[in-house]
Every structure is written in C-alpha cells, then in structure tokens.
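For reference, the structure discussed in these notes is given below.
The values are calculated or read from the model by the stated rules, or taken from the named source; none is laboratory data. These figures come from a predicted structure and were not determined experimentally. Only protein heavy atoms, including side chains, enter the accessible area calculation; ligands, DNA and RNA are left aside. Shrake-Rupley method; radii C 1.70, N 1.55, O 1.52, S 1.80 Å.
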Amino acid sequence: MAVPAGGRSPVEAAALYGPVAGDLPLVDAKLASLAEVEAPWLREMLGAVLAGGGKRMRPAVALLAGRFGRYEAGRLVPLAASVELLHTATLVHDDVIDASPERRGRPTAAALFQNGPSVMLGDYMFAYAADFVAETGNIRAIRAFAKTLRVMATGELEQDLSAFEYSEDVQRYFDRIAGKTASLFATAAEGGAVVAGAGEPSVEALRRYGQRLGMAFQIVDDVLDFSGDAEALGKPVASDLRAGTLTLPAILYLQRQPDDNPVRRAFDGVRPRANVERAVAAIREGGLLEETMEVARRFAGEALAALEAAPAEAADSATRETLAGLVSEVLERRS
C-alpha cells in the first residue's frame, strides 16, 4: 500500500491535507504505476526518481480545489498525479543542468544514470504527465497543462541563460519564479476546479490562490537556501548562488552594497568559494532574510485574500481551512 502524502504518516497527512488526505495514496499509486514497465533498466530509473516521495503539496492543492465543484476522484487523481509528475520531471532536468549529486539526501538520476539518459528520463516523465492530464477529458485542463509546461521551460531557460549575471532586479526575479514555480501551483488549483466543474468565480479565485501560494513557496525556499541546514535541505547552503543564480536575498544585498560586493567578485570568478561564503555571512547578518520573509508573507496574505474571494457556498469549511493551513505550512517550513 502506498504511503500517504509522499512519506508522511496517515496522522500527519490528515492534519495537513484534511478532507483529501485519504485520496493522496491514490495519487501515489498512480505515480507508482509509471514504473510498471517491462524494460528492467527503465523500471530501475523510474523507481529511483519516484521513490523520493515529497510533500505532495501540489497534488493536494489540485484535489482540494476539486472540492469547489463536483468531487470525482476518478478524474481528479489523474490531474493531481500529472501535476506532481511534471514537477518531478523538472527536478530531474534541473539536477542535470546543475550537476547535482544529491537531492534531499538521495542520489539524483544524473548521478546514478549519467546526464544523457537522465534528460531522456525527464522527457519520458513529461510525456506521461501529459497522458495523465488527458485522462481528465477536459480540454481546458489539458491546455492549461501545456501552457504551464511552456511557461516553466521559459523560466528555466531564462535562469540558465542569465547565470552569473548580477544585473537582475526584483521584478525580473518575480517574473522568473512566477514561471518556474508559481505557475504549477496555479495550474494545480485552477485545474482541480475546472475538472470538477466549479463556477468561474471559484476557478479564478483558486488560480490566484495557487499562484500567490507558489510565489511564497519559492521565496521561502530561497530563504532556506541561505538559512537552512545542508543536511535537512539535502543540498549545500547557498547552492543557487554557487550555481550563478541570484535569488531575492542576494538581489537585495546587491542593491544595498552595489560596488564592493562579494557576489560580484564570485560571479566574476575571483575566489568564488570564499566570496560566496562572505556573501552568505553578510546576508545572514544584515537582516536580509527577514526582509525577504516579509515579501513571502505578503504573497501569502494575497493567497488568503484570493481564497476568501471564492464564493462562500462553493466549498465546505474544512476545505477552506485546509487550503488556508497550507499557506501557514509554506511560511513555517524548514526544508
């Protein structure tokens, strides 16, 4: 039997995901079915990347949004699985691009199977994610999935092509994470509502909720990249900065100290390891992580406002409380 919510105990899953916790094992089973292939090498590869589990927050959002209309697990579970599989496939590609040996304490596909096969594995998973969403039979959901894939790819391309540039501003950062991260949360929420036949005011409110939740999620992730523990994160501290990617704490630091800045020196190739360490210390000590968290809280507040804008009669209080609780979970998470 699949473990609920990507490794959470049933009690933890019920507390976090409320009325949809019981259906998350169906999402896990749908994902596990991907590895039921004849080719042993493909079975091994899929088993390795799917075994890591995860918080399952995106599929939970899709299922919860489905409760704003006619909730049918048979149609909503494939949508939820497609969202999670799309997310997992992007991580496989990210680990190839970043040459990451580990993710959350487990070897990456790139480390286990080399770059070329891992890229093709990610493509295989993208194809299956599309197949899953097609099971909904909902053209609008399918189109939203395709648009999201394009937007996410654009965000990733922009990040990779701007590596080691220190001219990025806050708005450009927002635009990038809106594509890379928030778009998938928005699609999960919108897609669940659409597949369930929710009214248009609910669909729009949930899309806004998901987008703002995703923005807050990524900003908190960028704070944890500086403040978190490497073992808990499953990656080195300041891994984005080491890879040449500016996130909000570093952008704010560059704005405060534009000239003699260790980020600029590191990106220019001057003692990069030592200068990254200096930048991390300065960002931690300069109050910039708390300032960044204030931005995350602003987006979290907008997510709650969007949820409140959904028609009161569209969903029960347990669903609304669970979605509101996910906003708090995003702000309070430590890994």
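Details
- Looking at the range 164-224, the accessible area is 29 square angstrom per residue; that uses a 1.4 Å probe and ignores ligands, DNA and RNA.
- Between ARG104 and GLU38, full extension at 0.36 nm per residue minus the direct alpha carbon distance yields a gain of 20.9 nm.
- Between GLY179, GLY287, GLY301, the GNM of the chain built on Cα springs shorter than 10 angstrom shows GLY287 fluctuating the most.
- Two-decimal log10 I(q)/I(0) for the chain, as the Debye equation yields it once each C-alpha is a single scatterer, q = 0.09, 0.13, 0.14 Å⁻¹: -0.47, -0.98, -1.13
- Interatomic Cα distance distribution for the range 51-101, bins of 10 angstrom, percent: 24, 43, 23, 9, 1
- The fraction of accessible area contributed by carbon and sulfur in the chain is 54 percent, rounded to a whole number (1.4 Å probe; ligands and nucleic acids excluded).
- Note on the chain: with a GNM built from Cα contacts shorter than 10 Å, the maximum mean-square fluctuation among VAL170, VAL223, VAL49 falls on VAL170.
- From its DSSP helices (H runs of at least four residues, each -39,500 (n - 2.57)), the chain gives a residue-normalised ellipticity at 222 nm of -22500 deg cm²/dmol.
- Between helix 288-309 and the chain: long-axis angle, C-alpha atoms, 0 to 90°, nearest 10: 20
- Take the range 55-138 with all the other protein chains still there, run a 1.4 Å probe, and you get 38 Å² of accessible area per residue.
- Using equal-weight Cα scatterers in the Debye expression, the normalised intensity of the range 281-334 in log10 at q = 0.23, 0.24 Å⁻¹ is -0.88, -0.93.
- Residue-span extension gain [ASP268 to GLU329] - 0.36 nm each, minus C-alpha spacing: 18.2 nm
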